[in-house]
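**Student:** A single structure is presented below for examination.
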Amino acid sequence: MQNALRCGTAGWSHADWNSVVYPTLRPRGFHPLEFLSQHLDLIEIDASFHQPLRPELSRLWLNRVSQRPDFLFTAVLGRQFTHDRVLDPAAIREFKDGLWPLSNARKLGALLMRFPWSFRFTKENRSFLIELRRSFHEFPLVAEMRHASWMLDEALGTLMDYRIGF
């Protein structure tokens, strides 16, 4: 399987990377995303955890990595869904709007559902996970489960049954 393993970072706007990851003397027009895309093949958009992406921003990022046809993004699903557990249809639509440019360009590797440690495998949480999966069914979903109860056979079976990577 070609390109089965990818290497990337969580974000690209880290001040402490200046002169460590990024060059001390930056050429004119330097952009951290464009620079990293020359060395990596994946970057996680962690800003989406705090607020939905604006479609025009997604398109700008696509332009920054246009020289790398195999480059992919992952995006973190908003905390209002995974932590606050609010599945408001308008909020879901707004969140999806920011993902569509990435998805349509075939540059969205996955949408990461990052759950808090308190999200244990229970009947209620299993049902919520399935509802969340259905709300974002158009996108490849992966889950970051922090509680060990998600390692139970039944929990892993749920993830597999609903095609959620983990």
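The values are calculated or read from the model by the stated rules, or taken from the named source; none is laboratory data. Predicted model only: the values in this text are computed from it and were never measured. Surface areas here come from the heavy atoms of the whole protein model, side chains and all, with no ligands, DNA or RNA. Shrake-Rupley method; radii C 1.70, N 1.55, O 1.52, S 1.80 Å.
**Student:** For the chain, what is the accessible area per residue in Å² when the probe is 1.4 Å?
**Tutor:** Normalised by residue count, the accessible surface of the chain is 58 Å².
**Student:** As a test question: what accessible area, to the nearest 10 Å², does ASP97 have when a 1.4 Å probe is rolled over all protein chains in place?
**Tutor:** 70 Å²
**Student:** Using the Kirkwood formula on the Cα atoms of the chain, what hydrodynamic radius do you get, in angstrom to one decimal?
**Tutor:** 17.1 Å
**Student:** Taking θ as phi - 60°, what are the ³J(HN,Hα) couplings along region 60-67 by the Karplus curve (6.51, -1.76, 1.60), each to the nearest whole Hz, with x for Gly and Pro?
**Tutor:** The phi angles translate into 4, 5, 4, 5, 5, 10, 4, 6 Hz.
**Student:** Okay, moving on. With the full set of protein chains in place, find how many percent of the accessible area of the chain is carbon and sulfur; take the probe as 1.4 Å.
**Tutor:** Carbon and sulfur: 52 percent of the exposed surface of the chain.
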